[in-house]
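Colleague: Here it is: the structure, laid out below.
The values are calculated or read from the model by the stated rules, or taken from the named source; none is laboratory data. As the structure is a computational prediction, the values presented were derived from the model and not from experiment. Every residue, glycine among them, receives a Cβ derived from its backbone with ideal geometry; neighbour counts consider all protein chains shown. Areas reflect the complete protein model, heavy atoms only, side chains present, ligands, DNA and RNA absent. Shrake-Rupley method; radii C 1.70, N 1.55, O 1.52, S 1.80 Å.
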Amino acid sequence: PISIWAMVLETNRGCPFMCTFCDWGGTTYSKIKRFELEHVAEDLDWAAKNKVAFIFCADANFGVFKERDVEIARMIRDVADRGYLETVNLQYAKNSTEVVFTIAKILGNLSRGITVSVQSMNKDTLKAIKRDNLDVNNIKKMMELSQQYQVGTYTEAILGLPLERSEEHTSELQSH
C-alpha cells in the first residue's frame, strides 16, 4: 500500500532514422508501428490507479504523430491530475516542430522540457554517425518557441563518439 511505482510506456515502436550510434533505427524497426490508442489509454488508466509516479516513454520520437501524440499527452496529464504521477520522460521527435512545444506545454511540470538534439559539434563525427545537427536558424527558432510556449529546453551531447577526443569535445561545447 505504500509503494510508488515507475513504469515504461510505449505508444509506438521503431524509428525512421539510421543514426549509427543508436539501436532504435536498425533496419528491423525502421518503420514506426503505432499501438492502438485504446491500448495506450488502458495502460495510462492502470498507471493512475496503481500509484505510478514516474513514466518513461520508450518511443523514439514522441511528437512524430502530431495529433495522436498531443492526445496521448492529454491522457498523461489526466493521469497526473487524478493519480500520483510526478514525472514523465519523453524522447521527443528528432526534427522537433512546434507540436513538441504544444505537448510540453500540456505536460507542464511533468516534463523536463524539449530536447535540442546536438550529439556532437564535430562535423566529421556527425558525418561518421550519419547525423546532422539542427542548423543555427532552427536552434534560434526553437529558443523562440521555448519562450513563446514558456517551456524549457536542454541539449544532449554524447561522449565517446567516433573521431572525437575528450579534449576536443569539451572545447567544442564550451565555444558554443
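Colleague: Hey, what do the phi angles of region 3-18 turn into as Karplus ³J(HN,Hα) couplings, whole Hz, using 6.51/-1.76/1.60 and θ = phi - 60°, x for Gly and Pro?
Modeller: The phi angles translate into 6, 10, 10, 10, 8, 9, 10, 10, 9, 7, 9, x, 7, x, 8, 10 Hz.
Colleague: Same structure again: Restricting to Cα pairs below 8 Å that are 6+ residues apart, what does the relative contact order work out to for the chain? Please round to a whole percent.
Modeller: 19
Colleague: Collect residues whose amide H, placed 1.01 Å from N in the peptide plane, falls under 5 Å from the amide H of ILE114; neighbours closer than 5 in sequence don't count.
Modeller: The list, which skips near neighbours in sequence, is GLY152, THR153, TYR154.
Colleague: Given a cut-off of 21 Å, name the pairs among LYS33/LYS66; LYS94/LYS141; LYS66/LYS94; LYS31/LYS130; LYS33/LYS140; LYS49/LYS94 whose C-alpha atoms lie farther apart than that in the structure shown.
Modeller: The pairs that break the limit, which is 21 Å between Cα atoms, are LYS33/LYS140; LYS49/LYS94.
Colleague: Give me log10 I(q)/I(0) at q = 0.13, 0.17, 0.22, 0.24 Å⁻¹ for region 81-167, Debye formula, one equal scatterer per alpha-carbon, no solvent.
Modeller: Per q value, in the given order, log10 I(q)/I(0) is -0.50, -0.76, -1.04, -1.14.
Colleague: While we're on this one: Towards the positive end of the charge dipole of region 19-131, with charges on Cβ (+1 Lys, Arg; -1 Asp, Glu), say which of VAL40, VAL118, PHE101 has the farthest Cα.
Modeller: The residue sitting farthest along the positive end of the dipole is VAL118.
Colleague: In the chain, which cysteines lack any other cysteine Cβ under 4.7 Å from their own?
Modeller: CYS15, CYS57
Colleague: Follow-up question, since we're still on this one. So the label point goes 7 Å from the Cα of VAL8 along Cα→C-beta, right? Which residues of region 64-78 then have their backbone N under 17 Å from it?
Modeller: Once the point is set 7 Å along Cα→Cβ of VAL8, nothing inside region 64-78 turns out to lie under 17 Å by backbone N.
Colleague: Amide H to amide H, which residues 5 or more places from ILE55 or on other chains are under 5 Å from it, using H placed in the peptide plane?
Modeller: MET7, THR87, VAL88, ASN89
Colleague: Report in % the part of the accessible area of region 61-156 that belongs to carbon and sulfur, leaving out ligands and nucleic acids; probe 1.4 Å.
Modeller: 47
Colleague: Next up: Roughly how many Å² of PHE54 are accessible to a 1.4 Å probe, to the nearest 10?
Modeller: 70
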